[in-house]
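The next block holds one structure in the form of structure tokens; read it before the comments.
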Amino acid sequence: MTDSIDSNIHGTTGTDPGDEHSDTSNNSEHSNHSSPSENSSLSEHSTPSQHSKHSEPSEPSKDSKGSGDSNHSNSSEHSGSTDRNESRAAAWLTPDQVEAMRTACYDRFAQYLQARNDAILTLMYDTGLRVGELVALNEAMLRSNGENLYLPQHIQKDYPNDNTPSPVTVELAADTTRTLRSYLSGRWKDTEALFPSRKADRMTTQGVRYVVSDAAEAAGVEPFLIDGSKGEPGDVTPHTLRHSVAYRMLHVEDGNTLYDVRNRLRHASIVTTEQVYDHFRTV
């Protein structure tokens, strides 16, 4: 029998004075299927120490921009099956830049959204999830008290060939597990979805894009570009985090190969991995 993380403790629902993005959601666009093996409940909480801040960026106030909690609908983006075809990674971030974005969540967003948005960034940067996969996650897909993430077939990218992905269990980094436990222990809304929005039971891909963009703007991070220059904070997208996983694996961690990157990002073929990330060997 598998374990997952129980979120029976909920914080007080607050209002977000800085939420200028419309929250018009369409939950029917998200798959809520769950396999029989997903029905375990989270049984244990572990609240980590306060997320460390190693920088105090001079950022816009919480009231100056949106909460990153928009639910503008974009139906072509609500499924991993519609992810755009990948080409050479054009922009990526270093680990320090991603950490700055995480820190900025606690300065930039309304208090009740801070832990959720930190968890979104942490999970994406650990696993390389596509944005369509992230919004389709249910809390029950966390296994072994949050140490693993189960990805059923129906939420993964569906390739236009016979390489339909199989269900997979992804081992999470210890920091990711701690961050998710902390988020779930104080989550303000009890939903099947792992990441609800302010006004809906499930975030949309556009809502996640706002979270990533707003955090990048608040942290002032400039992504590295393929031509050797740097971009603007507004160039940072959820897919930038996916590219950044590959950069971290090949440049920061020891011993990884393109095959390891392929397995982490779940490419159908090593050819895709080589096409997108081979140039990371020389950047």
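The values are calculated or read from the model by the stated rules, or taken from the named source; none is laboratory data. Model, not experiment: these values are computed from the prediction. As a convention, Cβ positions derive from the backbone with ideal geometry for all residues, glycine included, and neighbour counts pool all protein chains shown.
Summed over segment 225-262, residues that are without any contact (Cβ under 8 Å) to a residue 60 or more places away in the chain, loosely packed, with under 15 Cβ neighbours inside 10 Å and of a type outside the set (Lys, Arg) total 11.
Here's the yes/no breakdown for (1) within 20 Å of residue 111 (Cα to Cα); (2) not aromatic (Phe, Trp, Tyr):
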residue	(1), (2)
178	yes, yes
210	yes, no
217	yes, yes
226	no, yes
239	no, yes
246	no, yes
250	no, yes
262	no, yes
283	no, yes
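Step by step: first the residues of segment 129-159, then only those that are among the acidic types (Asp, Glu) and part of a helix (DSSP H, G or I), then the one that is farthest from residue 190 (Cα to Cα). Which residue is that? Out of the qualifying residues, it is 133. The residues of segment 171-185 that are surrounded by 18 or more Cβ atoms within 10 Å (Cβ to Cβ) and either among the β-branched types (Val, Ile, Thr) or in a loop (DSSP other than H, G, I, E, B) (or both), listed by number, are 172, 176, 177, 179. The residue that is modelled with the highest pLDDT, counting only those in segment 85-107 that are among the charged types (D, E, K, R) and in contact with an Asp or Glu (Cβ under 6 Å, 6 or more places away or on another chain), is 102.
Which one of these is aliphatic (A, V, I, L, M) and in a helix (DSSP H, G or I): 216, 268?
Values: 268 fails: in a helix (DSSP H, G or I).
Only one candidate passes the filter, namely 216.
Tell me which residues, restricted to segment 111-137, are polar (S, T, N, Q) and either within 16 Å of residue 239 (Cβ to Cβ) or surrounded by fewer than 24 Cβ atoms within 10 Å (Cβ to Cβ) (or both).
Step one: list which residues in segment 111-137 are polar (S, T, N, Q), which gives 111, 114, 117, 122, 127.
The answer is 111, 114, 127.
Tell me the residue from 266, 209 that is within 21 Å of the chain's Cα centre (by Cα), surrounded by 15 or more Cβ atoms within 10 Å (Cβ to Cβ) and modelled with pLDDT under 95, please. Talk me through it step by step, then tell me what you get.
Numbers: 209 fails: modelled with pLDDT under 95.
It is 266.
From the set of residues in segment 160-170 that are part of a loop (DSSP other than H, G, I, E, B) and in contact (Cβ under 8 Å) with a residue 60 or more places away in the chain, which is farthest from residue 128 (Cα to Cα)?
The initial filter retains those residues of segment 160-170 that are part of a loop (DSSP other than H, G, I, E, B), namely 160-167.
Still in the running and in contact (Cβ under 8 Å) with a residue 60 or more places away in the chain: 161, 163, 165, 167.
Working: 161: 22, 163: 19, 165: 16, 167: 16 Å.
Here the residue is 161.
Residue check: residue 227 meets all listed conditions (1) among the acidic types (Asp, Glu); (2) more than 23 Å from residue 137 (Cα to Cα); (3) part of a helix (DSSP H, G or I) but one, namely (3).
Give the residue, chosen from 198, 209, that is basic (Lys, Arg), assigned to a loop (DSSP other than H, G, I, E, B), touching a helix residue (DSSP H, G or I) at 6+ places or on another chain (Cβ under 8 Å) and farther than 17 Å from residue 89 by Cα. Full working, then the answer.
Working: 209 fails: assigned to a loop (DSSP other than H, G, I, E, B).
Sole residue among the options that is basic (Lys, Arg), assigned to a loop (DSSP other than H, G, I, E, B), touching a helix residue (DSSP H, G or I) at 6+ places or on another chain (Cβ under 8 Å) and farther than 17 Å from residue 89 by Cα: 198.
Here residue 107 passes the criteria (1) under 19 Å from residue 205 (Cα atoms); (2) surrounded by fewer than 20 Cβ atoms within 10 Å (Cβ to Cβ) except the one numbered (1).
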